[in-house]
Amino acid sequence: MHTDDQIAQAVDKGLPDDQAARIQADIARVQELAYYGFKGRVYEVFQDELLLETESILKGMIRDGSLGRLAMERFNERGITFWIHPEDLAALRADAAARDEILIDMQVSALKKFRTNALINKEWNPNHKGPRGASCLRSYFIGTCIWEFRRAYLSWAQARVKWAELHALRDFAEEAPGGGGGILSLLQAPGYLAEPEAIVLTNNFEDILAEQTPQTQAVISLTVHGLTDTEIADTMKITNGAVRTCKTRFRKTLYQAARERRIWIPAQLHTTAKTPHDKQQAGAA
């Protein structure tokens, strides 16, 4: 389905009246706004209504990933590389605050372009005769938001990476809290050996962790420092499920590394509930 068709479909689901009725109402509204020069109190009221009517639609599209998917299609069709990391998609599904952050950033810039392009420059054409016909102002605005999503997403994602990097332990020789001898002492300390992440390290452990995403690095680092899943989720502003996913992926990575003889995992540190595949992994370790 074409991008414009998917936008129109989302708008049709989110608004009570039909497309033709919306377009006729929009024609009259634009004439009124033009009389006031697309500014002042009348325009502010219109802008607030536009945001209110499209907010739930945009939030739903961010949550289910359709907005990001449409943005990737649009940019990649034009030769502009755009890709969304699966961990970010999971975060946007689970975290309302993250969705709001991207939504607000996207809306602010989209409103400016919408006013200039759609209204002042008259790029919105209610008499468009193309195969998909004309679109209403809500559809046009959502289309503008899709163009702005890439910038808003990248800004949000880069901030997440920077935050995670600050919380990732990159110096494994640094002294541990309480005066210990670094991360190795932490892992060998009482209370840590019950955790699957409590691995007897070789020099390769640092390399293995460095190969993971910044979010996974941060989760494992905070786990090593004794934080619970809930504490990690609160600290990193992600869900408990995202924390568990990072741990599970890293555990699988460690077992793979053990099979490749990159690290050694003592038998007492293997997970207790072993499937046949887990037993094979343990044997490889």
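Each value in this text was obtained by applying a stated rule to the coordinates, not by laboratory testing. Since we're looking at a predicted model, the values are computed, not measured. Note that we place each Cβ from the backbone using ideal geometry, even for glycine, and neighbour counts take in every protein chain shown.
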### Task
Assign unit charges at the C-beta atoms only (+1 for Lys and Arg, -1 for Asp and Glu), then state the dipole size of segment 113-162 relative to its Cα centre in Debye, rounded to the nearest 20.
120 debye
### Task
Neighbouring Cβ atoms within 10 Å as the yardstick, rank Val108, Val219, Val161 fewest first.
Val108, Val161, Val219
### Task
Can you put Ile104, Ile146, Ile84 in order of Cβ neighbours within 10 angstrom, beginning with the fewest?
Ile104, Ile84, Ile146
### Message
I need to check one value: relative contact order of segment 3-166, counting alpha carbon pairs closer than 8 Å and at least 6 residues apart, in percent.
### Response
32 percent
### Message
When 1/r is averaged over all different Cα pairs and the result inverted, which Kirkwood radius in Å belongs to segment 3-166?
### Response
16.7 Å
### Message
Within segment 3-166, how many Lys pairs that are eight or more residues apart, or on different chains, come under 15 Å at the alpha-carbon?
### Response
5
### Query
When a footprinting reagent is the concern and you count Cβ atoms within 10 Å, what order do Trp147, Trp124, Trp83 take, fewest first?
Trp83, Trp147, Trp124
